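> This structure is in structure tokens; I'll ask about it shortly.
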Amino acid sequence: MRLPFTGWGFRLSRKNPKPPLETLRCKSTDAAASGELPSTLNPVIRRVEQGHRAASFKTVDIYPGDNPIPPQEDPFKAFLRHRNEPNKIIREGSDAGVLISSNPHKLDSASNLSPTILKLLDRHLYAEHNHPISTTRKLIQSVFPQPKYQHYTATNPVVTTAANFDVLGFPADHPGRSSTDTYYVNKDEVLRTHTSAHQHAAFKAMAKLKASYGYTICADVFRRDSIDRSHFPVFHQMEGARLWRKPKTDSHGIRISSFEGFNRRIELIQHSLRELPRVPVDAEDPNPAFHDERNPKQSEHKHEEVRLMAAHLKRSLETLVARVFHAAREARVASGHLDADTVDQPLKVRWVEAYFPFTTPSWELEVLWQGEWLELLGCGIVQQPLLHNAGVGDRIGWAWGLGVERLAMLLFGIPDIRLFWSQDPRFLDQFQDKVITRYQPFSRYPACYKDIAFWIDSSPPTTVAETPSTSITITEPQPASPKNPHSGSSSLAKPGLAAAAGGDSTKASPSPATTQPASPSSSSSSSSPSPAAATFHENNVMEVVRDVAGSLVEDVRLVDEFRHPNTGRTSLCYRVNYRSPERTLTNDETNRLHEELGRRLVRELGVELR
Ligand code: DAH
């Protein structure tokens, strides 16, 4: 089963290069110095669940919604504040901008926000009382109890490219940076593509919080991706971290040497490992704690420290999985989907070596569920420069990240990711806060399949254009390489790196093509782009489909592809499945949508319909 995971991990068997730590170091310093990241967390505690009775899941907003207004604000930004029309692209003369979470942002030539994605901001499903996403969050948080772990949410989805990528050591050509995969607000800001964008801020906060040694963060994240029953351009992630500091004094408060400090830290990790509950999980873990070539430890870390931290990380996450899947199995028994004997069998999980720019060594955890191995989460030992840059360089520790929908779909038996966004009481009324129940389908409405076929290159292929341009009608210059988020990140450029979600080379054109990426404004007021400017990418087709039909499309699949033997032109045929999760669509309605889709593909991607 393919469900939305976190996406940017690589199996080590795919031979991925580790980014040089120097890059990590200097880029993060730049980012911190630029003042883009909050120096402290908002001290105001925001209760995320309205009317939540037990106060056990207090959550703090990690990115305050209201930034202070600078004394000399850009006049267009001031205008956006004054207009106060959140999540809507506003144009005035040659300027374009958008107000998100009370903050004005100017758009530029890198922007690719669409009205569809903007409509999905501010829903905060993780905080909605009774919602399955919120219950799943609480279940996960319960494995990491307060006050030792701080629980954060992040209401403002806009983060800097520094926070989302640079601080975390993402290489300049990582496919996740590509505008085909990421929603750019402008060249310096994106809708966060993962909750790790808040790691730096959360580690910084830890420097000030004496009583806590870890955190969890939950937020919505945004990716331009394929359309099917397990992918939606907005989904939720959670991540967590746990650090151990090196003591400076012994238990009597007497100063100890640095060497002694190292020994004490090892004892502390040993102690925390002993304190963890033992869970009935059958875990397959053939890998060593680290491997010099495949999955190296960091030079600052001692062998024993890594061994113990890895054991602590794995046991903590096995506990998480045991808790979640136990709840899922109980719900299945209660609904008559599973017999009690099967429930008593221990849960099977396996650990696989992985690669993330911000951890080493790294792993992924898979779980055997209904006969299939599912990737569930990514994790690893936090890169020391990251901790150093956040002011907690004296500590070492682990971090993990997972996709919440993936777990919620299994827990509640929800078959289609679009349902989480439903406001239909027949869906919402089925769920209660902190209770796992099996979803009862209220109806499955008829599907309506329609094919759309087009040539993707209007002239015989010659060269691959490097820098796509978007079609916003404002006059900012195209950002220059190497900072340009588009440049060098073409999925065609690095097939090896492009394998993970968020940068999938299989979605790029099978041949060099000359089409235009989807653009935010192209729906309403685009200038006519030069179709010869960019490479074809499937995610741009998906974005146009989303803009035209929103959640009325269940999935879109490539069903045919061929190259004309004489002209060398490539033809693609996509099958669009129009099906609402909430009602029956009329023929007229789907025909109109499909015609509009054809027109928009021609106009925005420069394709020629067949
Ligand atoms: N941010 C990663 C993703 O979206 C998931 C992840 C992996 C988070 C490992 C972590 C981690 O904190 O340590 O794919």
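The values are calculated or read from the model by the stated rules, or taken from the named source; none is laboratory data. Since the structure is predicted, the reported quantities are computational estimates derived from the model, not experimental observations. Positions of Cβ are backbone-derived with ideal geometry, glycine not excepted, and every protein chain shown enters the neighbour counts. The protein model used for the area step is the full one, side chains on, heavy atoms only, and it has no ligands, DNA or RNA in it. Shrake-Rupley method; radii C 1.70, N 1.55, O 1.52, S 1.80 Å.
> List the pairs from Lys210/Lys248; Lys210/Lys302; Lys204/Lys434; Lys314/Lys434 whose alpha-carbon separation is above 20 Å, in the order I gave them. Write down the numbers at each step before the final one.
Working: Lys210/Lys248 15 Å; Lys210/Lys302 25 Å; Lys204/Lys434 31 Å; Lys314/Lys434 25 Å.
With Cα atoms farther than 20 Å apart: Lys210/Lys302; Lys204/Lys434; Lys314/Lys434.
> Separate question: Over 21 Å between Cα atoms: which of Lys138/Lys208; Lys208/Lys246; Lys246/Lys297 fall into that group?
Numbers: Lys138/Lys208 25 Å; Lys208/Lys246 16 Å; Lys246/Lys297 18 Å.
Listed pairs above 21 Å: Lys138/Lys208.
> Related question: Out of Ala163, His124, Asn87, whose Cα points farthest toward the positive end of the dipole of the stretch 65-177 (charges: +1 Lys, Arg; -1 Asp, Glu; placed on Cβ)?
So the residue furthest toward the plus end is His124.
> Please enumerate, by chain and number, the aspartates and glutamates with C-alpha under 14 Å from the C-alpha of Lys450, excluding those fewer than 8 residues away in the same chain.
Glu554, Asp555, Asp560, Asp588, Glu589, Glu595, Glu596
> Using the crude model of +1 on Lys and Arg Cβ and -1 on Asp and Glu Cβ, and no other charge, please compute the dipole size for the stretch 232-319 relative to its Cα centre, in debye to 20.
Working: 15 positive and 14 negative charges, 88 e Å.
Charge dipole of the stretch 232-319: 420 debye, to the nearest 20.
> Once the mean 1/r over all distinct Cα pairs of the stretch 313-417 is inverted, what Kirkwood radius in angstroms do you read off? It would help to have the intermediate numbers written out before the result.
On the way: mean 1/r = 0.0653 Å⁻¹.
Answer for the stretch 313-417: a Kirkwood hydrodynamic radius of 15.3 Å.
> Need one number: nm distance between label points at Phe262 and Arg575, each 7 Å from Cα along Cα→Cβ, rounded to one decimal.
Between Phe262 and Arg575, the simple spin-label model gives 6.1 nm.
> Taking R0 as 51 Å, what FRET efficiency do you get between Ser94 and Trp373 from their Cβ-Cβ distance, rounded to the nearest 0.05? Provide the component values of the computation, followed by the final result.
Values: r = 53 Å, r/R0 = 1.04.
Computed FRET efficiency for Ser94 and Trp373 comes out at 0.45.
> For Lys187, give me every one of the aspartates and glutamates with a C-alpha distance below 18 angstrom, ignoring sequence neighbours fewer than eight places off in its own chain.
Asp30, Glu36, Asp74, Asp95, Asp108, Asp166, Asp173, Glu466, Glu476
> Projected onto the charge dipole of the stretch 234-297 (+1 at Lys/Arg Cβ, -1 at Asp/Glu Cβ, origin at the Cα centre), which of Gly253, Leu243, Ala289 gives the Cα projection farthest towards the positive end?
Comparing the listed Cα positions along the dipole, Gly253 ranks first.
> With θ taken as phi - 60° and the coefficients 6.51, -1.76 and 1.60, list the Karplus ³J(HN,Hα) couplings across the stretch 383-397 in order, rounded to whole Hz; mark glycine and proline as x.
Once rounded to whole Hz, the list reads 4, 4, x, 5, 5, 4, 5, 9, x, 10, x, 7, 10, 10, x.
> Determine, from the Cβ-Cβ distance of Gln423 and Leu558 and an R0 of 30 Å, the FRET efficiency 1/(1 + (r/R0)^6), rounded to the nearest 0.05. Before the final figure, lay out the partial values.
Values: r = 32 Å, r/R0 = 1.05.
According to the calculation, E is roughly 0.45.
> Amide H neighbours of Trp369 under 5 Å, counting only residues 5+ apart in sequence or on other chains, H built in-plane at 1.01 Å?
Here the answer is Leu374, since their amide H atoms fall under 5 Å of that of Trp369.
> Another question about this same structure. What FRET efficiency, computed as 1/(1 + (r/R0)^6) with R0 = 51 Å and r the Cβ-Cβ distance, is obtained for Arg592 and Ser142, rounded to the nearest 0.05? The partial results should precede the final answer.
Values: r = 47 Å, r/R0 = 0.93.
After rounding to 0.05, the efficiency reads 0.60.
> For labels at Gln432 and Glu304 in the simple 7 Å Cα→Cβ model, what's the distance in nm?
The modelled label-to-label distance comes out at 5.1 nm.
> Leaving out ligands, DNA and RNA but keeping every protein chain, what accessible area does Trp455 have, in Å² rounded to the nearest 10, with a 1.4 Å probe?
That residue has around 30 Å² of solvent-accessible surface.
> Sticking with this one: Which loop-located trypsin sites (Lys or Arg not before Pro) does the stretch 289-379 contain, where loop means any DSSP state but H, G, I, E or B and the Cβ has at most 15 other Cβ atoms within 10 Å? Each step should come with its number before you reach the end.
On the way: sites: Arg294, Lys297, Lys302, Arg307, Lys314, Arg315, Arg323, Arg329, Arg332, Lys348, Arg350; in loops: Arg294, Lys297, Lys302.
Within the stretch 289-379, the qualifying trypsin sites (Lys or Arg not before Pro) (loop, at most 15 other Cβ atoms within 10 Å) are Arg294, Lys302.
> Tally Lys/Arg at +1 and Asp/Glu at -1 over every other residue whose Cβ is under 14 Å from the Cβ of Gly606; what's the total? Kindly include the intermediate steps, with their values, before the conclusion.
Details: positive: Arg569, Arg599, Arg600, Arg603; negative: Asp457, Glu604, Glu608.
Once positives and negatives cancel, what remains is +1.
> Rounded, prolate or oblate: which fits the stretch 144-211, taking a ≥ b ≥ c as square roots of the Cα gyration tensor eigenvalues, rounded meaning a/c under 1.5, else prolate when a/b beats b/c? All intermediate terms of the calculation are to be shown ahead of the outcome.
Values: a/c = 2.70, a/b = 2.18, b/c = 1.24.
In terms of gyration-tensor shape, prolate.
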